[in-house]
1. Are any residues in the stretch A:115-132 under 15 Å from A:I156 (Cα atoms) and open to solvent by 50 Å² or more (accessible area, probe 1.4 Å), and if so, which ones?
2. Answer yes if at least one residue in the stretch A:219-228 is within 30 Å of A:L363 (Cα to Cα), in a loop (DSSP other than H, G, I, E, B) and open to solvent by less than 30 Å² (accessible area, probe 1.4 Å), and no otherwise.
3. It is to be established whether one or more residues within the stretch A:42-51 are more than 22 Å from A:S248 (Cβ to Cβ) and either surrounded by 15 or more Cβ atoms within 10 Å (Cβ to Cβ) or without any contact (Cβ under 8 Å) to a residue 24 or more places away in the chain (or both).
4. How many residues are in contact with a Gly (Cβ under 7 Å, 6 or more places away or on another chain) and of a type in the set (A, V, I, L, M, F, W, C) if we restrict to the stretch A:96-144?
5. Restricting attention to the stretch A:378-412, which residues are open to solvent by 20 Å² or more (accessible area, probe 1.4 Å), touching a helix residue (DSSP H, G or I) at 6+ places or on another chain (Cβ under 8 Å) and assigned to a loop (DSSP other than H, G, I, E, B)?
6. Among (1) surrounded by fewer than 15 Cβ atoms within 10 Å (Cβ to Cβ); (2) in contact (Cβ under 8 Å) with a residue 24 or more places away in the chain, there is one condition B:N13 misses while meeting the rest; what is its number?
7. Restricting the first residue to the stretch B:104-115 and requiring it to be among the hydroxyl-bearing types (S, T, Y), which pairs with a second residue that is within 7 Å of ligand 2 (Cβ to nearest atom) meet a Cβ separation below 9 Å and a spacing of at least six or different chains?
8. Under the condition of being over 12 Å from A:S392 (Cα atoms) and at pLDDT 95 or above, which residue from the stretch B:66-75 is surrounded by the most Cβ atoms within 10 Å (Cβ to Cβ)?
Amino acid sequence: MALKLPIYMDNAATTPCDPRVVEAMLPYFTEMFGNAGSRNHSYGWAAETAADTARGQVAKLLGCTDKEVLFTSGATESNNLAIKGVAYMYQKAPAGQSGRGHIVTCTIEHKAVLDPCKRLQKEGFDVTFIEPPADGVVTAEMVKAAMRADTILVTIMWANNELGTINQVREIGALCKERGVIFHTDATQWVGKMPTNVEQDNVDLLSLSAHKLFGPKGVGALYVRRHRPRVRLQALQEGGGQERGFRSGTHNITGIVGLGKACEIAMAEMERDALRLAKLKSKLEAGVLAQLDSCVVNGNAEKRLPHISNISFGFVEGEGLMMAVKDIACSSGSACTSASLEPSYVLKGIGVGDELAHSSLRLSLGKWTTEAEVDFAIEQVVQGVKKLRVMSPLYDMHKEGIDLSSVQWAHH
Amino acid sequence: MPYGPKVIDHYENPRNVGNFGTQEQMKSDKRVGVGLVGAPECGDVMQLCIKVNEQTGKIEDAKFKTFGCGSAIASSSLATEWIKGMSVEEAAELRNTQLVQELSLPPVKIHCSVLAEDAVKAAINDYRKKNGLPDMAEDHDHAKAG
Ligand SMILES: Cc1ncc(COP(=O)(O)O)c(C=O)c1O
Ligand code: FES
């Protein structure tokens, strides 16, 4: 069967919507279009029932109670609400003063965590950004070393979106519990792919986004623990008092129904999918590495999601590489700095040198990735890198045994 | 980054990829000039080599190797195509603006063409140095973006 080009290997950026999800959503556009806040008629009741059902579906996937799930517009909003909402609620000094409390996070978090943390830093909170080791995995030990007496919040992602590396969430959660510190995790890349249980995993707040798990874009959820401890948040968006006042705004019912359905499907299928994808990912990495020297798979080899692969190719340049793999829709570490494209801060954050950070690909597989697509990707990546290496003066020098760091480069 | 058809053509079928032997061999050949510009950490390195006919003073062959984006590859490929058959003096007149125009490079890609011009100049200077001639003077400014 002919492949549809370009093949899609950017499932960590977003996933296609499962047709079963779309089907579940459709009636809520046209027939059951009510406002869940309308108490006086069946349109409103139908919408409310739909939101309740979806809340249950999300809760089941997370192992929490329905009341602990808040609907948001996605992981960015969930992260903002969790981080700022906790900071403002648990602050140790009022606005305008310093020493308002300490937050622990990590340098390779998503921008939707880093930027809220930086904002709080400007507003008088102290933030420690843990610098992860070369394998990208954040451990409880590292968090422990960063904690202070005035730490109010630890926010560490469950799995990294660029590397797929998995952090020691359960252990970090246990540490936080022991210290009485609130623990938030951005689980956008994790939920729906890997088994999650906020009780066993000691999580107090968790962000997720529907479009990463074959649901629609623009909808997500924040899990907020209600018992041991009861986590309080300051609302950031005020208005009609929806979502128990934590998140005002008319419910995005179609999106919420889609999120719920996507969670229900994930619950049933993620284990099987993960096994299949892990095999495909191994095949992909082995296939590329067997045919190309001077390549590295970034991030810890074992503690990694089954579907994300981040590979750096020595002696080829990022943008040239993207052209060479034009039939594969994927992400790159970026290109030449002269075009003011910075290499990925995540790769830099785990100590990958600028040169390799520039020439890396993130290939992320999804539910509908086929073995034929993986074979195609191996072929195109290998051919592309080989072609670029024939053109690369650096690869020549490398083969001639010239140490590139000893060359007098004409910087410009 | 969408590329124009000429950039794509040079990228897909680069002209004159190669060199005239190893770095050592090229260093000891007086007919050969090597220009190596850029730096790996900037994401672009271009090596452009010329071979000059001692009788005619013309560039009888030119080769490139480029570590860089599609525009950098196309600029160096096109530059080798153009300077082949030129005298060294003529080749020294090559301007990045000519490459920009021929390849329809957008403003963010102008520096890729500057790199190619610099590589040609560096190769010519290397050739001149080997043959006891002074460097050519920098006598103009590059057209820059913005
Ligand atoms: C780890 C992580 N956090 C947050 C986000 C942002 O999610 P959303 O686009 O739903 O706001 C993403 C996706 O881009 C992500 O991968
Ligand atoms: S070489 Fe820098 S963008 Fe082309």
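The values are calculated or read from the model by the stated rules, or taken from the named source; none is laboratory data. These numbers were taken from a predicted model, which means no experiment stands behind them. In this analysis, Cβ positions are derived from the backbone assuming ideal geometry, glycine residues included, and neighbour counts consider all displayed protein chains. The accessibility values were calculated without ligands, DNA or RNA, using every heavy atom of the protein model including side chains. Shrake-Rupley method; radii C 1.70, N 1.55, O 1.52, S 1.80 Å.
1. Residues of the stretch A:115-132 that are under 15 Å from A:I156 (Cα atoms), as a first pass: A:115-118, A:127-132.
Of everything in the stretch A:115-132, those that are under 15 Å from A:I156 (Cα atoms) and open to solvent by 50 Å² or more (accessible area, probe 1.4 Å) turn out to be A:D115, A:K118, A:F129, A:E131.
2. Just the residues of the stretch A:219-228 that are within 30 Å of A:L363 (Cα to Cα), to begin with: A:219-223.
Then keep just the ones that are in a loop (DSSP other than H, G, I, E, B); that gives A:219.
Pick out the ones that are also open to solvent by less than 30 Å² (accessible area, probe 1.4 Å) and you get A:219.
The answer is yes; a qualifying residue exists.
3. At the first step, the residues of the stretch A:42-51 found to be more than 22 Å from A:S248 (Cβ to Cβ) are A:42.
If we keep only those that are either surrounded by 15 or more Cβ atoms within 10 Å (Cβ to Cβ) or without any contact (Cβ under 8 Å) to a residue 24 or more places away in the chain (or both) as well, we get A:42.
Looking through the stretch A:42-51, at least one residue is more than 22 Å from A:S248 (Cβ to Cβ) and either surrounded by 15 or more Cβ atoms within 10 Å (Cβ to Cβ) or without any contact (Cβ under 8 Å) to a residue 24 or more places away in the chain (or both).
4. Counting residues in the stretch A:96-144 that are in contact with a Gly (Cβ under 7 Å, 6 or more places away or on another chain) and of a type in the set (A, V, I, L, M, F, W, C) gives 3.
5. A:E400, A:I402, A:V407, A:W409, A:H411, A:H412
6. (2)
7. Sorted first by the residue in the stretch B:104-115, then by its partner, the pairs are B:S113/B:S71; B:S113/B:A72.
8. Restricting attention to the stretch B:66-75, the residues satisfying the condition of being over 12 Å from A:S392 (Cα atoms) are B:70-71, B:74-75.
This time we only want the ones that are at pLDDT 95 or above, so: B:74-75.
Working: B:A74: 31, B:S75: 33.
So the residue we want is B:S75.
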